[in-house]
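The values are calculated or read from the model by the stated rules, or taken from the named source; none is laboratory data. Being a predicted model, the structure only gives us computed values, none of them experimental. For neighbour counting, all protein chains shown are included, and Cβ atoms are generated from backbone atoms with ideal geometry for every residue, glycine included.
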């Protein structure tokens, strides 16, 4: 029995096989392997046990079904951290799935990794900014996603912050705490946008 025959013994088990061994499988065996891995993942306590190379090998329909199921049932702060280990995860999604992902983030009050923000469809950027502005103010209110915004979206976001928290927002303890750290370029940009477009006065 050669090495390829030994690998084939695991194809039907749902057990993870290293990438270099998966690549030795025939096309039919790869499909069987991925199908069994999906079944094993769906019945285990760890729905994130699929590896990036396994997800890459899926056809687009199976991959979308896998992600949609995760969004609906399993998305938490911890699982978002798991997703961040998958370089191609978010950027490979269709706009429809990105919207579903964002809806789950908003509905569950989760954190959206800042480097995902720039790849959202424009209408979803607006949806996220409106939701984020409505949250209680904290030291993390204006997070890294702010640096990805064009001025139009920065203005939109700041106006929503003012709408939900009042024109005295700059005197809020959490905002003042960040502003006092002058090495925080994001907050300095936040102040500059308010000054440049006279946003506080516009809301009076």
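Brief remarks follow.
- Of all residues in segment 94-113, those that are part of a loop (DSSP other than H, G, I, E, B) and either in contact (Cβ under 8 Å) with a residue 60 or more places away in the chain or touching a helix residue (DSSP H, G or I) at 6+ places or on another chain (Cβ under 8 Å) (or both) total 5.
- When segment 7-63 is filtered for residues that are under 21 Å from residue 101 (Cα atoms), modelled with pLDDT under 80 and part of a helix (DSSP H, G or I), the ones remaining, listed by number, are 41, 42, 52.
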